[in-house]
Amino acid sequence: MSEPVENSVTGHRFLQHHFFTARQQYDSAKLGMWLFCVQEILFFSGLFMAYAAVRFFYPETMLAAHEFLSVPMGAINTVVLLTSSLTMALAVRSAQLNLQKNLKFHLVITILLACVFLVIKYFEYTHKIHAGMLPGKYYAGEGLAGSPWIFFGLYFLMTGVHGIHVIGGIVVMVWLLIRARRGDFGAEYYTPVENVGLYWHVVDVIWIFLFPLLYLVK
Amino acid sequence: MTTAAETIDPAEGNEPSYLSATKGLRSWLFTVDHKRIGIMYLVAVLLFFMVGGLLAIGIRIELATAPGDFVSAQTYNKLFTLHGAIMVFLVIIPAIPASLGNFILPLQLGAKDVAFPKLNLASFHIYVVGALFLLYAIVSGGLDTGWTFYTPYSTSTDTSVIAATTGAFILGFSSIFTGLNFIVTIHKMRAAGMTWTRMPLFIWSLYATSVIQILATPVLAITLLLLTMERWLGIGIFDASMGGDPVLFQHFFWFYSHPAVYIMILPGMGVISELVTTHSRKNIFGYRAIAYSSVAIALIGFLVWGHHMFVSGQSMIASAIFSFLTFGVAVPTAIKVFSWVATLYKGSIRLTTPMLYALAFLFLFTIGGLTGLFLGTLATDVHLHDTYFVVAHFHHTMMGGGLIAFIAGLHHWWPKMTGRLYSELWGKIAFVLVFVGFSVTFFAQFVAGTNGMPRRYHSYDSLSPAMRDLYEYWQSISSIGAYVLGVGMFIILFYLIHSLIRGKRSGPNPWGGKSLEWETASPPIEHNFHGHPICKHGPYDFDEIDHQGA
């Protein structure tokens, strides 16, 4: 930690009383967010391990069952999410450069892209549900040997938990947008924008692993 | 809350203490002051400790005699499950980090608060919500799976598994947020002059604990989510009849829960480092060795989960590797124990109540650790697995280690937290009862276990008369020990409450400690320190104090 400096020297109006400097508060928030991201990765790692175990037990079932997932839809969603990560990064940059209009514009685009992702996911889910490709004891599909219900259980669980994170992302981005309209962010203070950006990139990275593991089984 | 203590004035200065700075229930429930949050955690933990302890007494009454005459088999299953679940999730995991740690960590670092005060409060509220789910599970049919929720039983029993797993899931996030907060606080909030090697070892141990909380707890969350889905939707991943694998659940569960036992013991080790130095007026022997061994335990602790599955059909080669790594985790633990003993050597040992508990820790935890090696050895584990030997082993580590250290730390920091001194005489009387009661309870279980008595049976009446009498002999001794232990615990409760009302006022530094928390008033002011504290020396530089004739 650096030497204590009085609040008035480097402070801004969002500086909390228990920090000496804005820099200390910024560093703390960022470290906290990175640790939260670590926690998120470990959370999903449990699902990835479950996937690895099931794939090790039943490679053929996995290969056959994955044919029922739509690669084009998954690929479009990957592009949608990657683009939203770009606009999120641009939003952070806009806040750092104090470009208020750009900040709000990029946040809106990111939110819209996240919604597009969920809409496409909704169509994918409806299709699976109609075909009876459901988890566990609700499985009613035909033409698959082995225990495909475990694959679909994992599919719904992994994409479902990821989808909940996307919804969470939309909620915090709407909160950012409200604060941005109030003029809270600028070159002085953009910690929340940057931290939500970090979160959003993690959600994106997780999808980048989910897509090949579930849709592109070889 | 501690109504009597709220009227206390600070020992020095005109600023009111954190207890009397603001008034009313809302000023407690929605406070962002780490000290008040620590006190609220403490009250909650002590409350659940009493509930869990009374459940244990219920178990001991049943087992004192061979027939299942006190409660039904089903009730017995619920008793030991709730005892385990409450003690693990609601007591031992939050006991030291969330109550004592929350209170002491910012003070020892010379900070005004933790890095994220609101997140700290959220973690307490999440804890309460999680606890309510567990309590709901109790009243809506109980839980009889054991605290480990093993499949396939947990997916087929009629009891409230989903309410309990939801509760544990939520409690996990409380634990993660505390850990996250502590790591950031330790990195970013240290006072001027507080280098990493000037930090009290309690901080190092909380750091290591927090690392485990962040890395392991999310895996528990996903495990419990999978289990809930298995029970609710029948996804089949843990169900052999649907092509799943029940042992996979055990791997998942112990990947969290073995590191979790280090969440329970590492903060206790930190407390002991503070106590053996302060109460023997000696600098710690091997500061770096103790600090780094905390981190080593945290890391190696992630690689030993398979030793819970030596008889679950795990491959022999995996078992051998896990056994080897289990011995590996004993090495940093032993480094700590030897360092503490070396610290005591030629020290001016004062047998205060906290010090007595610290010495008891050294004795009991060492027994717990060494018997762990019996269980980590493949050949002996086959004999001892699922016997009372295991029960006695983990109670020596969890209670003889974790909770004894918690009680030690509670006595050590009680004057700081409340501004009051408790009765040393009653403290020592209670200590004798707790130590003797505990040792009798679990020594008897070691003997019963080596004689092959399995755990989790509520009646052992139908055995051959020789075995029945042997087990009944040791189990009844164990029960007598448990009653003595219970009496000791209630005495502690009474004299601590009494001290709030009638206890003598404590000065800022009743033990002559050298770390920063002793440089502020008892109880501390709302913002912890007047001005900005500067750390000028290590946490255990006691030489000058001795010259002043302390």
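FYI, it's all coordinate maths here, none of it is from the lab. All figures in this text were calculated on a predicted structure; none of them were measured in a lab. Please note: Cβ atoms are built from the backbone with ideal geometry, for glycine as well, and neighbour counts cover all protein chains shown.
Using the eigenvalues of the Cα gyration tensor, what equivalent ellipsoid semi-axes result for the range B:400-550 when each is taken as the square root of five times the eigenvalue, whole Å, largest first?
Working: eigenvalues 402, 58, 35 Å².
Equivalent-ellipsoid dimensions as semi-axes: 45, 17, 13 Å.
Extent of the range B:26-542 along each principal axis, from alpha carbon coordinates, in Å, largest to smallest?
66, 47, 47
Rounded to two decimals, what is the ratio between the C-alpha radius of gyration of chain A and 2.2 N^0.38 Å?
On the way: Rg = 21.1 Å, N = 218, 2.2 N^0.38 = 17.0 Å.
Cα Rg divided by the expected 2.2 N^0.38 Å: 1.24.
Roughly what % of Cα-Cα distances in the protein assembly as shown sit above 46 Å, to the whole percent? Can you show the working numbers first?
Details: 75232 of 294528 pairs.
Every Cα pair in the protein assembly as shown considered, those over 46 Å come to 26 percent.
What is the Cα centroid distance between the range B:199-213 and the range B:504-532, reported in whole angstrom?
22
Give the angle, between 0 and 90 degrees and rounded to the nearest 10, that separates the Cα long axis of helix A:191-215 from the longest principal axis of the Cα atoms of chain A.
In chain A, helix A:191-215 runs at an angle near 10 degrees to the longest axis.
Take the Cα atoms of the range B:288-360, build their convex hull, and give its volume per residue in Å³.
Values: hull volume 7.8 nm³, N = 73.
Output value, Cα hull per residue: 106 Å³.
Between the range B:142-183 and the range B:464-501, what's the alpha-carbon centroid distance in Å?
So the separation of the two Cα centres works out to 28 Å.
At a 10 Å Cβ-Cβ cut-off, how would you order A:Thr83, B:Thr371, B:Thr217, fewest neighbours first?
Details: A:Thr83 16, B:Thr371 21, B:Thr217 26.
By the 10 Å Cβ count, ascending, the order reads A:Thr83, B:Thr371, B:Thr217.
Would you mind giving the mean number of other chain beta-carbons within 10 Å of the Cβ of each residue in B:205-216, as a whole number? Display every interim value, and only then the final one.
Working: counts 0, 0, 0, 0, 0, 1, 2, 0, 1, 5, 6, 1.
The per-residue average across the peptide is 1.
Please arrange B:Lys188, A:Lys128, B:Lys504, A:Lys30 by counting, for each residue, the other beta carbons lying within 10 Å of its beta carbon, fewest first.
Details: B:Lys188 22, A:Lys128 19, B:Lys504 13, A:Lys30 16.
Going from least to most buried by this count: B:Lys504, A:Lys30, A:Lys128, B:Lys188.
Using the Cβ atoms and a cut-off under 14 Å, what net charge is assigned to the surroundings of B:Ser499, where Lys and Arg are +1 and Asp and Glu are -1?
Numbers: positive: B:Lys416, B:Arg420, B:Arg502, B:Lys504, B:Arg505; negative: B:Glu424.
Surrounding charge for B:Ser499 is +4.
Counting pairs of alpha carbon atoms under 8 Å apart in space and at least six apart in sequence, what relative contact order in percent does the range B:26-542 give? Mind showing how you got there, number by number?
Details: 865 pairs, mean separation 94.8, N = 517.
Reported as a whole number, the value is 18 percent.
Using the alpha-carbon centroid of each, what span in Å lies between the range B:250-314 and the range B:221-238?
The range B:250-314 and the range B:221-238 have Cα centres spaced 30 Å from each other.
Using only Cα atoms, what is the ratio of the radius of gyration of the range A:127-218 to 2.2 N^0.38 Å?
On the way: Rg = 18.9 Å, N = 92, 2.2 N^0.38 = 12.3 Å.
Rounded to two decimals, the normalised Rg is 1.54.
Mind checking the angle between helix B:73-85 and chain B's longest principal axis? C-alpha axes, 0 to 90 degrees, to the nearest 10.
30
Going by how many other beta carbons lie within 10 Å of each one, how would you line up B:Tyr483, A:Tyr122, B:Tyr471, fewest first?
Values: B:Tyr483 17, A:Tyr122 11, B:Tyr471 23.
Arranged by neighbour count, lowest to highest, B:Tyr483, A:Tyr122, B:Tyr471 become A:Tyr122, B:Tyr483, B:Tyr471.
Keeping to pairs on different chains or 8 or more places apart, tell me how many lysine pairs in chain A have Cα atoms under 29 Å apart. Mind showing how you got there, number by number?
Working: A:Lys30/A:Lys101; A:Lys30/A:Lys104; A:Lys104/A:Lys121; A:Lys121/A:Lys137; A:Lys121/A:Lys218; A:Lys128/A:Lys137; A:Lys128/A:Lys218; A:Lys137/A:Lys218.
Count of close lysine pairs: 8.
With springs only between Cα atoms under 10 Å, which of A:Gly153, A:Gly186, A:Gly143 fluctuates most in a Gaussian network model of chain A?
A:Gly143
Across peptide B:178-185, how many C-beta atoms of other chains are within 10 Å of each residue C-beta, on average?
On the way: counts 0, 2, 8, 3, 0, 5, 9, 4.
Counting other chains' Cβ atoms within 10 Å and averaging over B:178-185 gives 4.
Full extension from A:Thr126 to A:Ile164: what is 0.36 nm times the residue separation minus their Cα-Cα distance, to one decimal in nm? Intermediate results must be reported in sequence, preceding the final value.
Working: separation 38, 0.36 × 38 = 13.68 nm, distance 1.69 nm.
Length difference between fully extended and current span is 12.0 nm.
Taking H placed 1.01 Å from N in the peptide plane, check which residues at least 5 places from B:Lys504 or on another chain put their amide H under 5 Å from its amide H.
B:Leu421
Which value in Å is the Kirkwood Rh of the range B:54-96 over different Cα pairs? Spell out each step's value before the answer.
Working: mean 1/r = 0.0909 Å⁻¹.
The Cα-based Kirkwood calculation yields 11.0 Å.
In degrees from 0 to 90, rounded to the nearest 10, what is the angle of the helix A:22-57 Cα long axis to the longest principal axis of chain A?
For A:22-57 against chain A, the angle is about 10 degrees.
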